[in-house]
Amino acid sequence: MTPTTTRKDTSPTMYAVILAGGVGTRLWPRSRQSHPKQFTDITGSGRTLIQATVDRLAGLVPPERVYVITGAAYTELTREQLPELPRENILVEPEGKNTAPAIGLACAHLHRRDPEAVAAFLPADHVVQDTQAFQTALASAVQAAEAGYLVTLGIEPRSPHTGYGYIKRDDRLDIPAPLPVYRVERFLEKPDLETARRFLADGRYFWNGGIFVTQVETMLGEMARQLPELHANLRRIEEALGSPEAEQVLAEVWPEMPTVSIDYGIMEQAQQVAVVPLDAGWNDVGSWDALGEVIRKDGNGNCLVSGEQLGLDIRGNIIVGDKRFIALIGIEDLVVVDTEDALLIGRKSEMQRVKEVVEQLRVMGRDELL
C-alpha cells in the first residue's frame, strides 16, 4: 500500500548522521582500539575514512547539518579530524548498543532541532569512489523518504559475495527521482556461495551496505511500533535535551536500551521500505585484501598503498608502509602492513584471520598492541 504521507510545498531539510562508534579488528595493525579504522587513512588518499565520508557530502549537506555519533573514547579524535563540524553535532553514546539505539539517539536530537528533517545515516568507515553517483543515489532516496518510506541504498553486486547481507527488490515505485526506486520485498542474511550466485544471476538482489535515508518522524514512528521500550527512552532523552539534566538522563536511560541492529530491530519488519540502487564503487574495506578493489594496481597487479617500497619480481601484493623503507623480492599474493610497532604479513586469501591475531594478542595480555 502506498503511504498516505502528504507532500508539503517546501521540501524538508536534509541532514546526515555518520555512525562512527565501531572498533574494527580486521584491519589491524593500522586499526587499533585507540585509533580504529574510521579514523585512519586506509587507502593512502591523505584523508581518513570518516573525513572522506564528510567530504562526499559536500554540496549536498553542509557541515552544520552533519552529525557524528561515536563513543566517549573517540570524541576528541572526531573533533580533531572534523573541526568544521559544530561541537554540539558530535553525539556521544555512553556505551555501544548497536545501530538501532545509536540511530535513535541521533533522531532524538534531530527531532528536537527540526521535526520535519530528512536524515541520511551513513557508516563512517566505507569507501565510495564515485562521489557524484553516490550523491545522485542519496538525492533519489530523499525523494522516496519524503513520500513516507524508510529507504536503503542497495549496492549493485559485483560478485557472489558471502560476507554481506542482501536486499531483494520488488516492483518499481512511482516516485519521481533521478534513479529508480523499488519497494523492498525482504532483507536476507549472509548467504552461502551457491545462494549468492543465484542472487547475482537473478538481478533483483543488492548488497546491504547499511546506508539509510528517512524522515526522522518516520523512523521514530517505526521505533514506537516495533521497539516501544527504546522509543520511550528516546522520548525521555529528547525531553531533557537543552536542560541541565540532559547528561544525567542519558546516563540513566542508556543501560536500559536494547542492544539491537537497525536491520533486525526496524528495517526487516518496517511497513514501508524502499531501495535505491547504488553503483558508485562502494566497498566496506572489511579486510586488507579488499584494498585490491579500491586501489590502483601497477603493471604486476601490486597495490602500493603508502610508504616507500622497492619490489623485485613481485606480483599481486598489497603493501602498506608507515615510516620504514620496504624492499620485497619474489613474493606473490601477499599483504604486507608495516606500522611503527607491528608488522603483518600474510596471504591475501587468509586476511579474514587477522581477527584471530587480535584475539591471541588479547589472550597474551599485549594490550599495547591492540
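Conditions (1) touching a residue at least 60 places away in the same chain (Cβ under 8 Å); (2) over 17 Å from Phe39 (Cα atoms); (3) among the acidic types (Asp, Glu), marked per residue:
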position: Glu64; (1), (2), (3): no, yes, yes
position: Arg87; (1), (2), (3): no, yes, no
position: Pro94; (1), (2), (3): yes, yes, no
position: Ala117; (1), (2), (3): yes, yes, no
position: Ala139; (1), (2), (3): yes, yes, no
List every residue pair whose Cβ atoms lie under 8 Å apart, where the two residues are 6 or more positions apart in sequence or sit on different chains, the first residue falls within segment 258-277 and is in contact (Cβ under 8 Å) with a residue 40 or more places away in the chain and under 14 Å from Val184 (Cβ atoms), and the second residue, located anywhere, is in a loop (DSSP other than H, G, I, E, B) and charged (D, E, K, R). Pro277/Glu156
Would you pick out the residues in segment 22-42 that are closer than 20 Å to Val128 by Cβ, of a type outside the set (Phe, Trp, Tyr) and either modelled with pLDDT of 95 or more or within 16 Å of the chain's Cα centre (by Cα) (or both)? Gly22, Gly24, Arg26, Leu27, Ser31, Pro36, Lys37, Gln38, Thr40, Asp41, Ile42
Identify, please: which residue in segment 128-166 is of a type in the set (Val, Ile, Thr) and under 16 Å from the mean Cα position of the chain (by Cα) and is, among those, farthest from Leu188 (Cα to Cα)? Thr131
In segment 158-203, which residues are assigned to a loop (DSSP other than H, G, I, E, B) and within 22 Å of Pro12 (Cα to Cα)? Leu173, Asp174, Ile175, Pro176, Ala177, Pro178, Leu179, Pro180, Val181
Determine if segment 208-230 includes at least one residue that is over 23 Å from the mean Cα position of the chain (by Cα), closer than 23 Å to Arg113 by Cα and hydroxyl-bearing (Ser, Thr, Tyr). no
Does Ala58 meet the test of being in the same structural domain as Pro101 (by TED's automatic domain parsing), hydrophobic (A, V, I, L, M, F, W, C) and farther than 30 Å from Glu350 by Cβ? yes
Does segment 270-277 contain any residue that is among the aliphatic types (A, V, I, L, M), modelled with pLDDT of 95 or more, surrounded by fewer than 17 Cβ atoms within 10 Å (Cβ to Cβ) and assigned to a strand (DSSP E or B)? no
Out of Tyr164, Tyr149, I need the residue that is aromatic (Phe, Trp, Tyr), over 15 Å from Asn283 (Cβ atoms), buried (at least 19 other Cβ atoms within 10 Å of the Cβ) and assigned by TED's automatic domain parsing to the domain that holds Leu27. Which one? Tyr149
Residues satisfying the stated conditions in segment 141-157, i.e. in a loop (DSSP other than H, G, I, E, B) and without any contact (Cβ under 8 Å) to a residue 60 or more places away in the chain: Pro157
Within segment 233-251, which residues are loosely packed, with under 14 Cβ neighbours inside 10 Å and of a type outside the set (Asp, Glu)? Gly242, Ser243, Pro244, Gln248, Ala251
If you go through Asn317, Asn283, the only one that is touching a Leu at 6+ places or on another chain (Cβ under 6 Å) and polar (S, T, N, Q) is Asn317
Of residues in segment 328-370 being farther than 15 Å from Leu291 by Cβ and among the small types (Gly, Ala, Ser), the one nearest to the chain's Cα centre (by Cα): Ala342
Residues that are under 18 Å from Leu150 (Cβ atoms), modelled with pLDDT of 95 or more, part of a helix (DSSP H, G or I) and in the same structural domain as Ala108 (by TED's automatic domain parsing): does segment 239-250 have at least one? no
Test each condition in (1) among the polar types (S, T, N, Q); (2) surrounded by 13 or more Cβ atoms within 10 Å (Cβ to Cβ); (3) touching a residue at least 12 places away in the same chain (Cβ under 8 Å) for Thr195 and report the one that comes out false. (3)
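The values are calculated or read from the model by the stated rules, or taken from the named source; none is laboratory data. Note that the structure is a prediction, hence the values are computed from the model and not measured. Cβ: placed from backbone, ideal geometry, glycine included. Neighbour counts: every protein chain shown.
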